[in-house]
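Below is one structure, written out as C-alpha cells; comments come after it.
The values are calculated or read from the model by the stated rules, or taken from the named source; none is laboratory data. Keep in mind that this is a model prediction, so the values were computed, not measured. No Cβ is skipped: glycine too gets one built from the backbone with ideal geometry, and neighbour counts run over all protein chains shown. Keep in mind that these areas ignore ligands, DNA and RNA; they rest on the heavy atoms of the full protein, side chains included. Shrake-Rupley method; radii C 1.70, N 1.55, O 1.52, S 1.80 Å.
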Amino acid sequence: MGSVVAVQYVLPPAEPMQDPRSELDGRAYQQRHKQPMVMRTVRAKQSTNGGADVDTGGGGGKRDVSVRGRDVSVRGVDIDGRRVTVASADLARRQELRLLHGDAGMYTSVLTMEEARMLQEERNEDVKASTPREVLDELKAGNARFWTGTAEAPNLSLIERTTLIDGQAPKVMVIGCADSRVPIEIVFDQGLGDVFVCRNAGNQCGDTVAGTVDYALNHLGIKLVVVMGHQGCGAVKAARLPIELIMKEPPKLRKLLLDMKDSLAYCSETLDNIMDANARDRESVIANALAQVKKVVSEQNVLEKVTKGDVLVVAAFYEITSGIVDFIELPTLSAFRASSKPLPSIKSS
C-alpha cells in the first residue's frame, strides 16, 4: 500500500486576492479577518507513479498532489476559485509552504527551509559579485518600476524571512531624509534585506552616520552609497532661514539646522539668485545632498575605496510628485577631499 499523508488547507474569504504574491498563515488570517479559519483535512494516498489522489473530505473533489516522502506539493489546486494555503503535516521540517498563485489558481512553488537558505545564499553571492555600477543600475530599474506603477513589491514568505536571521547582505546603503513621504525601500522597489538605510532630518552625515557608513563598507561589503534628498524638504528650507530665526529653535534642532546651513554656504548666493521657487527648492536639496556626499568621501578610508573603484558614492533627488529619483554624480569624486573648495560641476542621470 502507498503511504498516506495528511495535509490541512485554509480557505480565505471568497473575494479574489489582489496581490497574488501575498501569503496567509493561521495567525495572520485570524488577526486580519477576526474570524476562525476554515480548516479541512486532506488525505493523500501515494500512487505508484509518484502522484497521489487527494480526497478533500467533501466539497473539493480530487486534487493532484505529488508526494516525495513526507513532502507534499500542490500542482493544481482550485477550491471554488479561491486561494488555498496548504500546511504540511511535518511542521518541524516545514513551517510554511510558499505557494505562488497564477491566473487560474495554480500553485507552482513550494520551499523547504533548506531550499530557502540555498536561494538566500545564492542571492547573497550575486550581491557580493556585483559591481557598484551594476547595483546603481538595479536601483534605477527599481525606481522606474515604482514610478511607472509596475513595482514588484518584493515580499518574503515566513520561511524566507526566517533565513534572514543568518545574516545580511544589503545591496546598497541609502542615507535619506526622515520624511514620512520618502520610504526608501518602496521608492526603489526593494525588499527585506536589500537596503541598508540611515534616515534623519535633511539626510545629514554627522559622526553617527559616518560611523554607520564605515560599518556598511567594512563589515557588510556594501559598494554603493546614495545620499538622497527630496522635493519639499522642510529641513533644507529651514536651514536657509535667517540665523536669528534658527536660533529660536530648541538646542538640538538648532545645531542640526546650523550645520546644514554651513554645508550650504558654498552655494548660498547662487541659490538666492534662483527666482523660481520650485527650481530653488530642487537645487537647494541637491546642493545639500552633494555637501553630504562630500562629508562621506572626505573620510580617508572611504576615499581610498572610492579611489580604487571599489565603492561609488552618489547624490540623489526624489521628486515626490512623480516618484522619480534623479542620481547626481561628482565626476572628480576620487580626488575630492575635505576642503573649502567649491564642489565640482555635476551631471545627473
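Which of the residues that make up the stretch 289-333 are under 21 Å from Gly202 (Cβ atoms), aliphatic (A, V, I, L, M) and assigned to a strand (DSSP E or B)? Hits for the stretch 289-333 are Val313, Val314, Ala315, Ala316, Val325, Ile328.
Residue-level check: of (1) open to solvent by less than 40 Å² (accessible area, probe 1.4 Å); (2) at pLDDT below 95; (3) of a type in the set (S, T, N, Q), Thr270 misses just (1).
Right, Cys198: free of Cβ contacts under 8 Å to residues at least 60 places away in the same chain, of a type outside the set (Val, Ile, Thr) and in contact with a His (Cβ under 8 Å, 6 or more places away or on another chain) or not? Against the criterion (free of Cβ contacts under 8 Å to residues at least 60 places away in the same chain, of a type outside the set (Val, Ile, Thr) and in contact with a His (Cβ under 8 Å, 6 or more places away or on another chain)), Cys198 does not qualify. Taken over the stretch 221-240, the criterion of being closer than 18 Å to Asn124 by Cα and open to solvent by 30 Å² or more (accessible area, probe 1.4 Å) is satisfied by Gly221, Lys223. Of the residues making up the stretch 182-194, those that are within 23 Å of Thr321 (Cβ to Cβ), in contact (Cβ under 8 Å) with a residue 24 or more places away in the chain and either open to solvent by less than 60 Å² (accessible area, probe 1.4 Å) or hydroxyl-bearing (Ser, Thr, Tyr) (or both) are Val182, Ile184, Val187, Phe188, Asp189, Gln190.
Entry remark, the stretch 147-181: residues being touching a strand residue (DSSP E or B) at 6+ places or on another chain (Cβ under 9 Å), farther than 13 Å from Val225 by Cα and either without any contact (Cβ under 8 Å) to a residue 60 or more places away in the chain or surrounded by 20 or more Cβ atoms within 10 Å (Cβ to Cβ) (or both) number 4 in total.
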